[in-house]
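Report on one structure; see the data block that follows.
The values are calculated or read from the model by the stated rules, or taken from the named source; none is laboratory data. Because the structure is a prediction, the values reported are computed rather than measured. For neighbour counting, all protein chains shown are included, and Cβ atoms are generated from backbone atoms with ideal geometry for every residue, glycine included. Keep in mind that these areas ignore ligands, DNA and RNA; they rest on the heavy atoms of the full protein, side chains included. Shrake-Rupley method; radii C 1.70, N 1.55, O 1.52, S 1.80 Å.
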Amino acid sequence: MAYRLALSNQKGGVGKTTVAINVAGALAARENDVLFVDLDPQGHGTEGLGLDDAYDAEPPSLYDVLLDLDSRSLINALVREHEEFDVVPSNVDMFSAEPKLTTAMRSRERFAMALDELEHDYDFVIVDCPPSLGNLTDNALLACRNLLIPALAEGTSIRALEILFDQIETLEQGYGVDIRDVGLVANRVETDGEATEMMAWFEDTFGGRIPVWEVRKRVALKRAWNEGASIFTHREDCDMEDAFLDVAAHLEEVAG
Ligand SMILES: Nc1ncnc2c1ncn2[C@@H]1O[C@H](COP(=O)(O)OP(=O)(O)O)[C@@H](O)[C@H]1O
Ligand SMILES: [Mg+2]
């Protein structure tokens, strides 16, 4: 079965989508068969991979797969080919998923049930989460049970991570499952005092238990995004490739 990984942090703009695209790109560059799923109603990942048409497409979309239990095998028909990996795009209808799921049965298990229907046997499924804690993020965490945390090297991350871990504990207790954090990516790191202090905090807090990677602020990451790809197929070299390749190698290891 595919190793499923959610990238989550309810804080917006920390690099979930950027890290998700480039981790997926690194895994693909290392010859893995990868599926990228955009679970964010805003569809930044979908757009960042050049699939704007899918975002605006008529139903059925991921929304229908999540909302209608009988439609969950439709996920196979949603899979789009990207030059590096396959993609299940988000759709503008996903904005209605959060409120509609609230009253649905097994509302937090819908995504897991849909992934179970995938006919293609991927090595990795990488899930980009919305910038909020709610039903969609709970669905991603329960379906993946493995979490990669992108966070900014800023003081505000401390509280954000506390809130995220509280939610994980609630889900673990409520569903009797284990959700493993497999690593933390400090993203958009600059060379100021606050970043240095926060890198030390990440190391102290997490370093003994999980890897902490550092991805610096690089305009090449933005330019690759604008071209609909990860830095691994983007024509310009980026010195952050090694960081993402390290993440990929670690994921291969924990995936067994
Ligand atoms: N390491 C980085 N260097 C430069 N820009 C970055 C980096 N990581 C993210 N960005 C930019 O920051 C913005 C927010 O990143 P994004 O991945 O969309 O965050 P999130 O998905 O957590 O909301 C985007 O414009 C993205 O291009
Ligand atoms: Mg995002």
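Restricting the first residue to the range 36-52 and requiring it to be closer than 10 Å to TRP225 by Cα, which pairs with a second residue that is surrounded by fewer than 24 Cβ atoms within 10 Å (Cβ to Cβ) meet a Cβ separation below 6 Å and a spacing of at least six or different chains?
Sorted first by the residue in the range 36-52, then by its partner, the pairs are GLY48/TRP225; LEU49/HIS82; LEU49/GLY228; GLY50/GLY228.
This table checks each residue for (1) over 22 Å from TYR3 (Cβ atoms); (2) among the polar types (S, T, N, Q).
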| residue | (1), (2) |
| --- | --- |
| SER157 | yes, yes |
| ILE163 | yes, no |
| THR170 | yes, yes |
| ILE179 | no, no |
| LEU184 | no, no |
| THR191 | yes, yes |
| PHE206 | no, no |
| ALA220 | yes, no |
| GLU236 | yes, no |
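Where the second residue is crowded, with 20+ Cβ neighbours inside 10 Å and among the small types (Gly, Ala, Ser) and the first is touching a residue at least 40 places away in the same chain (Cβ under 8 Å) and lies in the range 65-78, which pairs have Cβ atoms under 6 Å and are six or more apart or on separate chains?
As it stands, the answer is VAL65/ALA114; LEU66/ALA97; ARG72/ALA114; ILE75/ALA114, since those pairs meet every condition given.
Kindly check whether there is at least one residue in the range 109-119 that is within 30 Å of LYS217 (Cβ to Cβ), more than 12 Å from the chain's Cα centre (by Cα) and open to solvent by 20 Å² or more (accessible area, probe 1.4 Å).
No, the range 109-119 contains no residue that is within 30 Å of LYS217 (Cβ to Cβ), more than 12 Å from the chain's Cα centre (by Cα) and open to solvent by 20 Å² or more (accessible area, probe 1.4 Å).
Can you tell me which residues in the range 134-149 are farther than 16 Å from VAL37 by Cβ and either in contact with a Gly (Cβ under 8 Å, 6 or more places away or on another chain) or buried (at least 21 other Cβ atoms within 10 Å of the Cβ) (or both)?
The answer is ILE149, and nothing else.
Scanning for something away from ligand 2 (no atom under 16 Å from the Cβ) and more than 18 Å from the chain's Cα centre (by Cα), does the range 46-55 turn up at least one residue?
Taking every residue of the range 46-55 in turn, at least one turns out to be away from ligand 2 (no atom under 16 Å from the Cβ) and more than 18 Å from the chain's Cα centre (by Cα).
So in the range 1-19, with the set limited to residues that are part of a strand (DSSP E or B) and either among the aliphatic types (A, V, I, L, M) or open to solvent by 50 Å² or more (accessible area, probe 1.4 Å) (or both), which one is farthest from ligand 1 (Cβ to nearest atom)?
LEU5
Can we say ARG30 is among the basic types (Lys, Arg) and without any contact (Cβ under 8 Å) to a residue 40 or more places away in the chain?
no
Which of the residues spanning the range 122-145 are in a strand (DSSP E or B) and within 14 Å of ligand 2 (Cβ to nearest atom)?
ILE126, VAL127, ASP128 - these are the residues of the range 122-145 that are in a strand (DSSP E or B) and within 14 Å of ligand 2 (Cβ to nearest atom).
Scanning the range 197-217 for residues that are over 20 Å from the mean Cα position of the chain (by Cα) and part of a loop (DSSP other than H, G, I, E, B), which turns out surrounded by the fewest Cβ atoms within 10 Å (Cβ to Cβ)?
GLY208
Take ALA2 and tell me if it is within 16 Å of ligand 2 (Cβ to nearest atom), of a type in the set (A, V, I, L, M) and in contact with a Phe, Trp or Tyr (Cβ under 6 Å, 6 or more places away or on another chain).
No: the conditions fail for ALA2.
Could you check the range 20-46 and list, in sequence order, the residues that are among the polar types (S, T, N, Q), surrounded by 24 or more Cβ atoms within 10 Å (Cβ to Cβ) and away from ligand 1 (no atom under 11 Å from the Cβ)?
THR46
Among all residue pairs at least 6 apart or on different chains, which show Cβ distances below 8 Å where the first residue, located in the range 143-163, is touching a residue at least 40 places away in the same chain (Cβ under 8 Å) and basic (Lys, Arg) and the second is part of a loop (DSSP other than H, G, I, E, B) and open to solvent by less than 20 Å² (accessible area, probe 1.4 Å)?
ARG145/ILE179
Considering the range 81-107 alone, what residues qualify as being open to solvent by less than 80 Å² (accessible area, probe 1.4 Å), closer than 25 Å to PHE124 by Cα and of a type outside the set (Val, Ile, Thr)?
Passing the criteria: HIS82, GLU84, PHE85, ASP86, PRO89, SER90, ASN91, MET94, ALA97, SER107.
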